[in-house]
Each structure stands twice: as C-alpha cells, then as structure tokens.
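Have a look at the structure below before the remarks.
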Amino acid sequence: MPGHRIYYVPPRMVGSIENWSGKDQPDGASWLLDHAASLGLNALWFSPLGQPTSVEKISHGEMRSGSYYAQRDPFRLGDEFSAGKGAAEDLLHLKHFTQKAAEEGMRVYADLVCNHVAADHDLVAAEDKDIRDIQAEAQGALTRLYAADGSLIGMKWPAQVGDQEYFFKFKRNEDFGLRIGGPAEDPWSDVAHINYASPEARRFFIFGDSAQKGYFKQVIDWHMDAGFTDFRCDAAYLIPPDCWQSLISHAQSRKSDTVFMAETLTTETDKVADMRKATQTDAAGQTRPAFDLGMLSLYWWNFLDEWLPKHEVPRLNGMSKFGGAGAPDNHDTENTIAGAARKAFNGAAQADRHIADISLRDYAVAVLTGNSSYVQMGYEFCNEKQNHVFKGQVTPEDFTHLRKNRMGTDLDISAGMRLVNDLHESMDVKNCRVAFRDCREMADGAILRLALDYVDVDSGQVKISSVLLLNRRPEEGAVRLPEDARRALTDAGMLAADMNKNSFEINDISVFHTPLSARDGMAPAAKKTAAPRPPQR
C-alpha cells in the first residue's frame, strides 16, 4: 500500500448526495464510482462535506464565502450537499456510497482540516464570550500569558479564590480579537486559526482528557463511522508533529490500514521536513513515518530543474512512508493545466489537440513519478475552469456540460488516462517510494528523459526501474531515439535487443521499465507505452 490513483471530487461539482450516492437507484449503483473506475482510478477524495462558514472574505479581489476549508460543523453534511431530509438520511446515503466503494475496491478519502475552524464556529463565539466576561470581571487587572514562541495564549487575573488563568484555543491579537493571517490582498478572515502553542488548544482539539475525546478525533470517528477509509490532511505542515502522531495513532487503532496523505504544497520546506518527527511503530516493531504520503509540487516543475528530484522528493520520502503523490494541477492553483494551455494555443491550428496532449502528458508524469497520484474531477475532459472552493464557483451543471460537449472529442483524454493508470497498476509498485536517477535533455533538447527507481520501502531494494522519454516538440514531428539511448535501454533490459533501431521514434511519451522477473534472473522483457503526443513544456 497505498499505490492510490485518486479522483478529487469538489462537493459543489456533484451537489446533493442523493444525486451521486446511488442509494435511491434501482441497482444501488453510483455513477460517480463507476466513472472513476472507468478511468482506472482506485480512490476518491472529497473536500470537506460539512457545513461551511457564511463569513465573507476577499479572494482574488472578490468577496467570497462558503469555503470548504472553513468548517462550521463537520458532523453533518452542508446544506448544499444534503438530500434535504435530515442528517440521519444523509448519513444513510453516505454509508451506502462508501459501502459500494468498498465492494468495488475503491478507497474514499475525507479531508481533515486541523489548522483552523470557521470564524463563525460556535467554539469561537464561546471563547469570545468568555473573554468579554473575564474582562468585565477583572476590570483592567489582566495579565497576558505568552508561549515560548511569543504568541498570546491566555490571560491571568486576580479573584477572591486566588489568581485565575484562562487559555485560548485560537490565535489572538493583543486586543484579544482573532488574528487574521494570509497576505494583505487575500486575508484569511473566514477562519479562526488554532493556536497549538496553547495547552488548552492541544487538550481540546487533539489529546483530550478523561472527560472528553479530542475534537479532531471525534471528527475522524464520524468519518470512519460513515465509511471513509483514508484522510487527506489540509495544511498538514502547520500542525505540530506530535499532534499528528496522536491523531493518526487514533485512526489506525480503529483501522490499521487507514492512509494519511499530508498536504505539503508550501514554500515552508523546513516545516515539511519537521513532519518526520511524527512516527509510528509498525507490527514488526520498526519505527516509520506516521504519514503515508505527501503531496508533490509537480505543477510547478519543468521536468528538468533539480529542486524537485534532489530536494522535494527526498524531503517527502523522509516525512512519509511512501513518499510523494503527484498531480498535474490542483484546486489551489490559479489555472488548470488545460486552462493555461488554452491561453497558449487559442487560435492556433489544432489547439484542442495540443491542449489534450499537454493534459495527458502531465498526467502521465504525475502518475509515474510518485507512489500515488491525484487528479481533479473534469481533468479527463480538459477542464479549463478551476474547481475553486467557494460558493458559486462550480456547480453540478459544469461537469454535466463537460461530459455532454467534450466526450468523444479531441478534449476527451479518458482513454489515455486509463492506459496510463493500467500501466501503473501492472508495474505493481504499491509498496515503493520513487527515487529519481536522472532528469536531462537528449537529442539536442528534443527529448526529455526522466529515469526513476521504485524502491521497496521494507527491503530498500529497487523493485523496478523505468525511463520516461518525452518528445519536447511533437508539433514538429517524431524524434528518432539516439543510438546511445537505445543501447542504454537495451542494456537495462527495457528494450528488446532485436528491435528495429532504424524505425524507433518518440512521437509523444514512451515509458520503459524493467519487470520484476528481470531482477530475479529471468529473461528481461520490455514495455513501451505511448500516450497522445505532448507539446513542448
């Protein structure tokens, strides 16, 4: 495990759960599960399905509300996603869906947001009231309490029974108002940030006590009871490692194969590296990273620069058991891959073909350069509209429109994605981390060459090696594989020695790998997979 190929589902793109759970269908089938399976995917990931905030905030110069990631109540479906017949009925729909997923061998990820809650959460209102009451009682005789990091974590005041202390759950300013983070042009005013430097925040949200289980352990329990198998952890690098260790241990004490994938898409790389301090002890008594996966920054990589293979990949391999999960784009990027390509090729001859080529090329790289991968809903139809997280930005009609107007056209890359996913499955590298051996240009820059090893996490042995060859300028035609490259592939057991060297050309993307049999001393076999041609990157 895990070797997951994940379909990211923005809840507003599927709407009411009665439309996609399959519970009310005569055969009980879910079109969403069937569609994901048809692409060769084996897991789904939902952004938070709970009740989101109603607090507005500025995002990209516009007032927005209803972010999935500003949760006001994670213990019931949001009004937009509810079947409208009560929480009990919604839970029946959800359990039906996750049960069907389990029957079909499909994992289901919940999104776990532990860095903050909605600014209008009841917990925030209760703490605001406590602060006002204490200020009135203390009548100005307050002493502020600070953590070692300098953050305000509470207050102390004299009372008839001796000095009293009150510790905050949330980050606050000197005037006791909520601290608003984020850039000046995009302040995070819709959330209340949890201050894990405060003992009360750690007790209440994570560790609990004899009277009450930690809040986020309750959130985990609710989702596991509903049938979710795994968790994607939002902004994981902002939560202390010992907190994650406690949460992950709790979940895996209930279900040992629960997978935790950390969001690690950040420039705060020291915090990502620090996550390796969250550990678990496996059944054999060996210490391992508590996280199973991190998230690779493939969207920002040009397939050549050293920062990803030489720095990010080792960093993720250090903080997670299976290393990175790649993706061609994600809901936090300003553009989708197809949207950016449209701007580049709009008006050009065969623009749709070029957009599809870019999208499929980037997807193939994402799947094959990490243990796992994820892809946004609609990517299979080269969605040019980003699946942002606020109300009104996406609707179920968007996906219906994509399917109706792009299925069977040049912008439908479903079949190519299925080929890539089937190849990944056939390589059987679930229990492996990926290590980069080489990233370089060939054939005077016409070909990009990525050389990878899939290393078994238990034995430390290379299970399979692969080489990805990308035609950098396919619009200019196929590129003949240089003789030295052909000979190297043959020597590595990735290319049959009797292959006609005069006819071998790279039209698009070709993938070569050594099967396990070659490492067992059996006759080596070659595998070549081609997807529709990728344009220049």
Translational diffusion coefficient (Stokes-Einstein; Kirkwood radius from C-alpha pairs) of the chain at 20 °C, 1.002 mPa s, in µm²/s
86
Would you list, by chain and number, the aspartates and glutamates whose Cα falls below 15 Å from the Cα of residue 430, excluding same-chain residues fewer than 8 positions away?
257, 292, 422, 453, 456, 458
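Cβ under 11 Å from residue 38's Cβ, residue 38 left aside: what net charge do those residues give with Lys, Arg +1 and Asp, Glu -1?
Values: positive: 418; negative: 34, 380.
Combined, the nearby Lys, Arg, Asp and Glu give -1.
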Run down the lysines and flag those whose C-alpha is under 19 Å from the C-alpha of residue 277, throwing out any fewer than 8 positions away in its chain.
321
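Filter 169/391; 100/391; 310/404 down to the pairs with a C-alpha to C-alpha distance above 31 Å, please. Walk me through the numbers on the way to the answer.
Working: 169/391 28 Å; 100/391 29 Å; 310/404 43 Å.
Long pairs (Cα-Cα over 31 Å): 310/404.
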Can you give me the C-alpha center-to-center distance between region 249-328 and region 440-490, rounded to a whole angstrom?
25
With DNA, RNA and ligands ignored, accessible area of residue 220 (1.4 Å probe; Å², nearest 10)
0
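Please report, as a whole percent, how much of the solvent-accessible surface of the chain comes from carbon and sulfur atoms (probe radius 1.4 Å).
On the way: 10430 of 21830 Å².
The C+S portion of the solvent-accessible surface of the chain is 48 percent.
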Suppose only helical runs count, i.e. DSSP H with n ≥ 4. What mean residue ellipticity at 222 nm does that imply for the chain under -39500 (n - 2.57) per run, divided by all residues and rounded to the nearest 500 deg cm²/dmol?
-8500 deg cm²/dmol
If R0 is 30 Å, what FRET efficiency do you get for residue 62 and residue 286 from their C-beta distance, rounded to 0.05?
0.05
For an R0 of 41 angstrom, estimate the FRET efficiency from the Cβ-Cβ distance between residue 212 and residue 103 and round to the nearest 0.05.
0.70
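For region 364-470, what does the accessible surface come to per residue with a 1.4 Å probe? Please give it in Å². Display every interim value, and only then the final one.
Details: 3880 Å² over 107 residues.
Here the residues of region 364-470 average 36 Å² of exposed surface.
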Per residue, how large is the accessible surface of region 19-132? Use a 1.4 angstrom probe and give square angstrom.
39
For residue 95, counting only aspartates and glutamates whose alpha-carbon sits under 15 Å away and dropping same-chain residues fewer than eight positions off, the answer is 18, 24, 103, 104, 221, 225, 230
Env charge @ residue 408, Cβ radius under 13 Å, K,R +1 / D,E -1, value -1
At a temperature of 25 °C and a viscosity of 0.890 mPa s, determine how fast region 410-452 diffuses translationally according to Stokes-Einstein, using the Kirkwood radius over alpha-carbon pairs as Rh; express D in µm²/s, rounded to the nearest whole number.
190
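Tally Lys and Arg at +1 and Asp and Glu at -1 over the other residues with C-beta under 11 Å from the C-beta of residue 228: what net charge comes out? Working shown, then result.
On the way: positive: 95, 107, 232, 255; negative: 111, 221, 225, 230.
Residues near residue 228 contribute 0 overall.
The values are calculated or read from the model by the stated rules, or taken from the named source; none is laboratory data. From a predicted model like this one, the values you see are computed outputs, not experimental measurements. As a convention, Cβ positions derive from the backbone with ideal geometry for all residues, glycine included, and neighbour counts pool all protein chains shown. Accessible surface areas use protein heavy atoms only, side chains included; no ligands, DNA or RNA. Shrake-Rupley method; radii C 1.70, N 1.55, O 1.52, S 1.80 Å.
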